[in-house]
Amino acid sequence: MTADPRTVVPLDPALAPPGTRAFRDAGGISADRWHADQNGETLVPTHCCFCGVQCGMYLRVDRGGKVFGVEPRNHDINRMRLCPKGISAYQQVNHPDRLTAPLMRRSRDEPFREVSWDEALDFTASEIKRIQGRYGNDAFGLLGGATLFTEKTYLVGKFARVALKTRHVDYNGRLCMVSAASANKLAFGIDRAGNPFSDMLLTDCLLIAGSNVGECFPVMTQYVWGARDRGATLIIVDPRETAVARTADIHVALKPGTDSAFFNSVLNVVVEEGLTDKAYLAAHTTGWEEVRAKVAEYPPARAAEICGIPAEQIVQVARAFARAPKAMAWHARGVEHHSQGVENCLTVINLCAATGHIGKPGAGYGTLTGQGNGQGGREHGQKSDLLPGGRSINDPEHRRQICEIWGIEESELPTAGTSMVEMVWQMQRREIRGLIGICNNPFVSLPNYRVVKEGYDTMEFHAQFDFFLSETAANAHVVLPITTWAEDNGVMANAEARVVKHNKAQEPHPGVRTDAWVMCRLAERLGVGDKFDFADSRAIFEELRIASAGTVNDYYGITYERLEETGGIVWPCPTTDHPGTPRLFEDGRTYHPDGKIHLQAVEWHQPADPYDDEHPMSLTTGRTVAHFLSGNQTRRLGALVEQTPRPWAEVHPSHGFRNGEPVRVVTRRGSAVFPALVTEAIRPDTVFVPYHWPVPAAANVLTIDALDPRSKIPEYKVCACRVEHAERIDEVPAPPVPPGRVTYPETQASRTDPLPPTAPQGRGTSERN
Amino acid sequence: MMGRTMFIDPGRCIGCQACVSACRECDSHRGKSMMHLDYTDEGHSVASLPTVCLHCEDPVAPCAEVCPADAILITADGVVQQADTTRCIGCANCVNACPFGVPKIDLQAKLQMKCNLCYDRTAYGLAPMCATVCPTGALFYGTVEELQAERPGVQVVDTFAFGESQVQTGVAMVVPAEKVQWPVPGGLPVVEINGKDVR
């Protein structure tokens with residue numbers, strides 16, 4: 001008898017191996033319900049559009065073809081689980097704030113008017129030609145997004161180099177995990193996490209540094225708790241006592257900006273106590289002697305002083321990690337968002353390598369990716385220095401290979417450009433005069449808001465692709481309405497480098513086009529339409545497969561059909577019968593020519609913004625569970641707005657503030673007022689402000705635009721500040737809406753209430769009230 | 001004791017409110033959440049606790065017992081349903097009677113609403129929406145054997161004490177193995193009545 005597909009079969013406690021159909025079918029609705037039921041409802045299997053976990057979900061589509069709900073899906077990654085953002089994501093698709101026609105104005109003093117696609121594209125193309133004709137090709141820039149499907153990020157890189165012929169292309173993944181990417185490339189010769197999420201369930205010691213898993217990657221918590229259930233030691237390194245830190249065996253509440261001193265010191269103890277894996281170090285690494293000499297300078301007593309933690313904790317962590325039969329280290333932006341972000345990551349790699357915890361089930365390292373396609377978004381040429389397949393744009397052989405595929409002369413291919421923040425500085429200096437932004441919102445997401453505003457305001461022409469009118473789009477000359485993730489096909493790579501396929505659930509709204517369509521039509525107007533003759537996402541993906549063949553980031557063996565049949569395929573996957581590579585370095589070889597891990601000695605240094613009497617405290621920023629990135633999407637969804645309607649400043653009770661009272665956070669770049677969330681769950685010398693909101697209550701009015709010298713990631717996670725009493729709390733403006741659209745009075749009220757709330761919102765808000 | 005039911009494990013809750021969002025998606029009260037997410041140690045830690053209707057068994061559902069309109073029905077499998085829309089008069093007796101503070105009143109509609117354990121899903125053998133999506137397993141739907149197979153050594157209780165009174169519920173609470181208390185103390189301790197300290 002065939003089992004009723006709606007029957008819940010509990011997961012085997014031993015867990016069916018991820019990737020098998022048995023795993024996906026072990027509970028809930030069967031893996032393939034892509035047909036209408038008796039009510040005319042269809043469940044379209046796809047993935048969440050938000051963070052780098054990429055949870056599988058079904059979108060519920062009514063008989064009229066409209067997305068109207070969500071149903072959990074037993075995908076390998078998330079096993080039915082979803083976070084509040086995932087549950088609410090579908091509400092974007094038919095949201096009344098959606099842009100449904102191109103908006104245009106010739107100067108920022110004019111209001112937007114709705115225009116035809118031809119008029120908007122003609123104007124955009126003519127402005128590109130005018131600016132490039134007058135100031136040179138590099139005066140026009142392109143900023144992509146790490147929330148785009150990989151096909152589109154490939155097209156962004158190609159469009160910049162072939163159609164705009166500019167070297168100035170970069171993407172907002174620059175704000176996400178490029179430090180980890182650079183460190184992984186330096187140490188291992190490959191830019192991705194070493195282990196799948198499921199390896200957490202096999203480990204004996206799980207170290208998570210600088211990652212508020214509970215709020216940023218809630219669905220990952222099941223793996224963390226799974227490890228805990230099986231007796232693994234849980235170590236959390238975070239200045240705040242987060243929900244996961246609360247239950248950890250060891251919570252290291254170190255001072256922001258001291259990560260590499262801490263990890264150097266942990267390795268110091270490992271060496272001193274003879275806990276290194278000497279055989280592994282000898283056989284598989286280079287640079288160990290330099291690392292050993294450097295960490296000798298970081299005895300626990302010195303590091304404890306730098307990090308503001310007890311020295312015994314460093315010893316505890318070292319013993320727990322090194323003595324565990326299998327140990328893993330995962331980190332996220334808390335370690336990476338620093339002016340020595342790359343070096344911080346390298347110290348974690350040094351620790352894993354020195355203890356031999358690499359390339360085994362339950363032993364290794366990984367990075368938790370903030371943006372949905374933060375991993376895939378940089379693999380195929382959207383980053384300023386990369387060509388498809390992760391090739392270097394300055395390598396003559398790599399250039400030749402790509403020019404052959406693209407059908408252009410090597411002399412036509414620009415060289416490496418600058419990073420996203422540096423491009424804004426160039427706008428300020430009028431070196432970049434025109435820009436196209438695709439699905440990014442620098443007005444909220446970039447540090448040091450004043451500089452960003454000045455940079456964008458000086459531009460002669462600015463076009464923005466988006467499906468909601470973001471704060472940045474509201475500043476543009478042309479806004480081009482594009483599709484949501486549910487209205488197109490495409491792939492993304494999650495934090496495991498697992499490529500998953502998103503399926504189209506609804507036809508695009510009339511008047512809305514895909515990003516790829518827009519770039520191809522612009523390319524036609526710029527005279528290179530023949531290089532952009534793509535019928536759909538599949539056609540782009542086929543070119544991408546070929547363009548990546550033979551590289552480390554090899555996608556050649558991945559096809560749409562294979563992705564639909566499996567729970568996703570982890571690259572490198574060189575042939576169509578290759579199973580993918582969920583775990584790296586199992587044979588002990590890295591992707592450097594010598595096959596070794598290149599260990600790097602790291603000297604800790606102070607964060608870029610010095611402390612003084614005026615600014616004695618550390619400001620650190622981060623995410624809330626209800627919102628995603630700049631909030632352009634989530635600040636419009638009622639349930640998520642209700643959950644966390646406004647930002648707050650989290651401070652320790654020792655400062656004498658009352659819960660909910662207005663406090664002003666002041667840095668050398670500006671100040672902003674927030675309600676205080678007084679809690680013992682934060683260090684007394686540290687203040688936390690979530691960053692999803694625009695001015696005036698924007699964390700990025702305060703943050704510093706100091707960059708890591710190698711990855712060019714901004715130092716979002718620490719700057720000097722002070723906190724003082726304030727009179728009233730700044731209003732939180734509602735997200736901008738296109739001309740003629742209605743807003744929701746009930747959500748507006750909660751967003752714009754100028755009075756201090758009775759209790760700080762966000763954590764501490766109860767549904768019961 | 002319990003068959004297939006909901007288990008609440010506060011030690012796993014991260015306060016993400018996925019349960020709250022999921023509850024809004026339930027077809028029986030679409031758009032409104034019947035889930036409570038409480039912060040039990042506010043200001044000191046981020047500890048949080050999700051509460052669904054506990055589906056009281058003994059005494060049988062105080063909310064249903066006090067309902068003057070007989071609007072709250074209890075199914076044979078012990079699920080205390082939300083108020084029948086054709087009978088509820090919105091008097092809020094059930095709100096006052098519930099020892100766990102679960103039912104809500106929609107004043108405009110004069111209608112009580114509460115968790116019905118996603119009857120539209122559980123009737124088909126599916127887990128309730130909140131337990132399905134809970135990213136951490138703080139809400140678990142299944143049998144106690146399934147729970148213990150997944151979490152070796154886990155202890156559960158389904159009896160809560162309010163002073164002298166005890167309430168046995170259909171939904172159970174996970175308690176730390178080394179701190180098993182039976183019954184679980186419920187509600188806030190009474191310390192003052194009419195200005196008089198009664199401790």
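Quick notes
- Residue identified as charged (D, E, K, R) and open to solvent by 70 Å² or more (accessible area, probe 1.4 Å) among B:Glu150, B:Glu145: B:Glu145
- Complete set of residues in the range B:135-153 that are in a loop (DSSP other than H, G, I, E, B) and out of contact with any helix residue (DSSP H, G or I) (no Cβ under 6 Å at 6 or more places or on another chain): B:Thr143, B:Pro152
- Selected residue [in a strand (DSSP E or B), touching a Ser or Thr at 6+ places or on another chain (Cβ under 8 Å) and crowded, with 20+ Cβ neighbours inside 10 Å] from A:Ser630, A:Ser618: A:Ser618
- Checked against (1) free of Cβ contacts under 8 Å to residues at least 24 places away in the same chain; (2) within 11 Å of chain A (Cβ to nearest Cβ); (3) of a type outside the set (Gly, Ala, Ser), B:Glu164 passes all but condition (2).
- Of all residues in the range A:228-254, those satisfying the criterion of being farther than 15 Å from B:Val46 by Cα and either modelled with pLDDT under 95 or among the hydroxyl-bearing types (Ser, Thr, Tyr) (or both) are A:Arg228, A:Asp229, A:Arg230, A:Gly231, A:Thr233.
- For the range B:50-68, the tally of residues that are of a type outside the set (Ser, Thr, Tyr) and either on the phi > 0 side of the Ramachandran plot or facing another protein chain (nearest Cβ under 10 Å) (or both) stands at 3.
- Any hit, the range A:428-443, residues being among the aromatic types (Phe, Trp, Tyr), closer than 20 Å to A:Gly173 by Cβ, touching a residue at least 60 places away in the same chain (Cβ under 8 Å) and surrounded by fewer than 24 Cβ atoms within 10 Å (Cβ to Cβ): yes
- When the range B:135-148 is filtered for residues that are without any contact (Cβ under 8 Å) to a residue 40 or more places away in the chain and either more than 9 Å from chain A (Cβ to nearest Cβ) or more than 23 Å from B:Ile14 (Cβ to Cβ) (or both), the ones remaining, listed by number, are B:Glu145, B:Gln148.
- Residues in the range B:65-94 that are under 23 Å from B:Thr5 (Cα atoms) and not in a loop (DSSP other than H, G, I, E, B) were compared, and the one that is nearest to the chain's Cα centre (by Cα) is B:Val80.
- Filtering the range B:122-134 to residues that are assigned to a helix (DSSP H, G or I) and more than 9 Å from chain A (Cβ to nearest Cβ) leaves B:Thr122, B:Cys130, B:Ala131.
- Strands (runs of 3 or more DSSP E) contained in the range A:195-275 and holding at least 1 residues within 14 Å of chain B (Cβ to nearest Cβ), surrounded by 24 or more Cβ atoms within 10 Å (Cβ to Cβ) and not basic (Lys, Arg): A:205-209, A:233-237
- Residues being more than 25 Å from the chain's Cα centre (by Cα) and at positive phi - total across the range A:489-513: 1
- Residue ranges of helices (runs of 4 or more DSSP H) in the range A:63-182 with at least 3 members over 22 Å from the mean Cα position of the chain (by Cα) and more than 14 Å from chain B (Cβ to nearest Cβ): A:117-135
- When A:Arg658, A:Arg646 are checked against the criterion of being surrounded by fewer than 18 Cβ atoms within 10 Å (Cβ to Cβ) and not in a helix (DSSP H, G or I), a single residue qualifies: A:Arg658.
- Of everything in the range A:704-762 that is touching a Gly at 6+ places or on another chain (Cβ under 8 Å) and modelled with pLDDT under 70, the residue that is nearest to A:Phe467 (Cα to Cα) is A:Tyr744.
- Subset of the range B:3-14 that is assigned to a loop (DSSP other than H, G, I, E, B) and open to solvent by 30 Å² or more (accessible area, probe 1.4 Å) - its residue that is farthest from the other protein chains (Cβ to nearest Cβ): B:Gly3
- Residues that are open to solvent by 50 Å² or more (accessible area, probe 1.4 Å) and either under 24 Å from B:Arg12 (Cβ atoms) or in contact with an Asp or Glu (Cβ under 8 Å, 6 or more places away or on another chain) (or both) within the range B:29-56 comprise B:Lys32, B:Thr40, B:Asp41, B:Glu42, B:His44, listed in sequence order.
- Only one of the numbered conditions (1) in a loop (DSSP other than H, G, I, E, B); (2) within 21 Å of A:Ala227 (Cβ to Cβ) is violated by A:Ala318, and that is (1).
- Index of the failed condition, A:Phe688 passing every other in (1) part of a strand (DSSP E or B); (2) away from every other protein chain (no Cβ under 14 Å); (3) crowded, with 19+ Cβ neighbours inside 10 Å: (2)
- Residue under evaluation B:Gln17, criteria (1) surrounded by 23 or more Cβ atoms within 10 Å (Cβ to Cβ); (2) at the interface with chain A (Cβ under 7 Å from one of its Cβ atoms); (3) farther than 18 Å from A:Cys83 by Cα, criterion not met: (3)
- Strands (runs of 3 or more DSSP E) enclosed by the range A:364-483 - at least 3 residues per element that are farther than 18 Å from A:Val162 by Cβ and touching a Ser or Thr at 6+ places or on another chain (Cβ under 6 Å): none
- Test for B:Ser28: is it within 7 Å of chain A (Cβ to nearest Cβ) and hydroxyl-bearing (Ser, Thr, Tyr): no
The values are calculated or read from the model by the stated rules, or taken from the named source; none is laboratory data. Everything numeric here is computed off the predicted structure, so don't read it as measured data. No Cβ is skipped: glycine too gets one built from the backbone with ideal geometry, and neighbour counts run over all protein chains shown. Only protein heavy atoms, including side chains, enter the accessible area calculation; ligands, DNA and RNA are left aside. Shrake-Rupley method; radii C 1.70, N 1.55, O 1.52, S 1.80 Å.
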